[in-house]
Structures are given as structure tokens and as C-alpha cells.
């Protein structure tokens, strides 16, 4: 598998003139325009009047819907009403809920110790899926590529946060470092990246719903393109993530309006 972003180029440096390891992503076909469109959609959501003093309510509902959508992308689609009522005990769904609920406590740690956060996310997401001894322990084959990813999480970059989140998502989903609940972990880490890098600091959009709305088959096909490492495949994945972010912003607006209506 070809790695689209070289791990060695991703390590942070104290030299101010160090090249941006992600800058080339903006030159891929359609990526710059897609990133701009997603930023516009998120800004529209953040400008909603409810965000002045009731954003926490939107964020709470966003976390619930995001968890449900993330489980759906794993093939476990449950009604939102049942999930809200606590009537779903599926281990994939419960793991997704735990990971989603914990993101707020991880924002200060993510950029400093991403390995620690990923291990914790896996413990939460896969607690009911694998033996306890396997929780939070990436496979040996994942080591070098994870090191490169950790560098990307820490690096200073000028590219839009939506693209960094897409790379984090793509790398983790393609690498599958834990062998269980990797998709749930990847999407949680991507959302965490968007929160900490200023894309959606209030965590009120629902990008996971965006991926579901675009279709699970389209999601898997775009991810396969990213995993191929080809410029076309990477570009298609990045554009797909930006489109999902746009849809997720619209979902956030729908949540805000529903709260206003009571």
C-alpha cells in the first residue's frame, strides 16, 4: 500500500522555514474548492443565533447522531429514537456512543499525545468486541505509519483543518491499526481533529451523518481510493470528506432549528 503522505516529512520541526508536509494536497484536483465549500457551510452553522449561548445543546445532540451514523457506517444501523431511549445494546453502537461522548475530554491531549488518545478511543470503542488484553494496543505492523500520523497531528500546517481531519480519518481507517473498531476510532479522531484545529470548535456539526447521506458504498469506495495512494484516489477521498462535512453542517443547522422549536 502506498502511503500518500510520507511519514518522515510529517514530523514537527522547530525550524520556521520547514516545508508544510500537507501543502501539496491543495493542488490536487477539486480539493481546494471542496475545502472552501465545507468551510463556508461550517461558518454558516457557527453563525446560527443558537450558538451564542446554547451551543452545548446542539453539541450533545450532534454527538448522539454522530455516534449512530458512525455505527451505521460499520453496518449497524439503528433508529435514532431507540438510541435516544437507551433501547440499543449492540456492542458496536455502544462503543461508538462511548467514543463520541468522550471526545470533549480529549481535546487538550490530542495534539500533544495522539497515541494516548487513540489507545483510549479504542478501549472505549471496542470494549465489548475483543478481549481486554487487546484493547488500546495497535498491531506491530502499524508502528511506522502511526508514527508518521502522530507527526501530522502535531505539525503546523496552513492547509484547511477539514483536509487534515480527512487525512487522519483516511490513515486510520486504511491502516486499521487495532484490528477492531478501527472505523469508529478513525471517525472519532477525525472529528477531534476538526474540533481542535478550529474547523468546528463547538462540535456542533455531524460529519458522520454526512458520510451516511452520501452512501456507505461511496464511503468505502472513496476510502479504497485513498488507501491506493494514487493522487486521484487521495483527491477523491479528500473531496468526499469535504462534501460529508458540508452535509454535516446542514445536519447541525437542523438540530439547532429543532431545539429552537422546542
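We did not get these values from a lab; they are worked out from the coordinates using the rules stated. Predicted model, so just to flag it, every value in this text is computed and none were measured. Cβ placement follows ideal geometry from the backbone for every residue including glycine, while neighbour counts extend to all protein chains displayed.
Before moving on, here are some points about what is shown:
- Put a dot 7 Å past the Cα of residue 254, heading toward its Cβ, do the same for residue 154, and the two dots end up 4.0 nm apart.
- Shape summary: the stretch 166-227 maps onto an equivalent ellipsoid whose semi-axes, from the alpha-carbon gyration tensor, are 19, 15, 10 Å in decreasing order.
- Relative intensity, log₁₀ I(q)/I(0), of the stretch 150-262 from a Debye sum that treats every alpha carbon as a point, q = 0.14, 0.19 Å⁻¹: -0.55, -0.98
- Residues 178, 150 arranged by fewest to most Cβ contacts within 10 Å: 150, 178
- Neighbour counts of other Cβ atoms within 10 Å put 80, 164 in the fewest-to-most order 80, 164.
- GNM top mover of 206, 239, 88 - the chain, alpha-carbon springs below 10 Å: 88
- The stretch 44-83 shape via C-alpha gyration tensor axes, a/c threshold 1.5: prolate
- Rounded to the nearest angstrom and listed largest first, the equivalent-ellipsoid semi-axes of the stretch 192-239 from its Cα gyration tensor are 23, 14, 7.
- Dividing the Cα radius of gyration of the stretch 19-133 by its Kirkwood radius returns 1.04 for Rg/Rh.
- The stretch 92-223 - Kirkwood radius from inverse mean 1/r over Cα pairs (Å): 14.8 Å
- Viscosity 1.002 mPa s, 20 °C: Kirkwood-radius Stokes-Einstein D of the chain over Cα pairs, µm²/s: 117 µm²/s
- Among 60, 196, a tally of other beta-carbon atoms within 10 Å of each Cβ gives an order, fewest to most, of 60, 196.
- Here the scattering of the stretch 141-195 is modelled by Debye summation over its C-alpha atoms, one equal scatterer each and no solvent; at q = 0.13, 0.14, 0.16, 0.26 Å⁻¹ the log10 of I(q)/I(0) is -0.28, -0.33, -0.43, -1.05.
- Cα gyration tensor category, rounded, prolate or oblate, for the stretch 93-147 with a/c compared to 1.5: oblate
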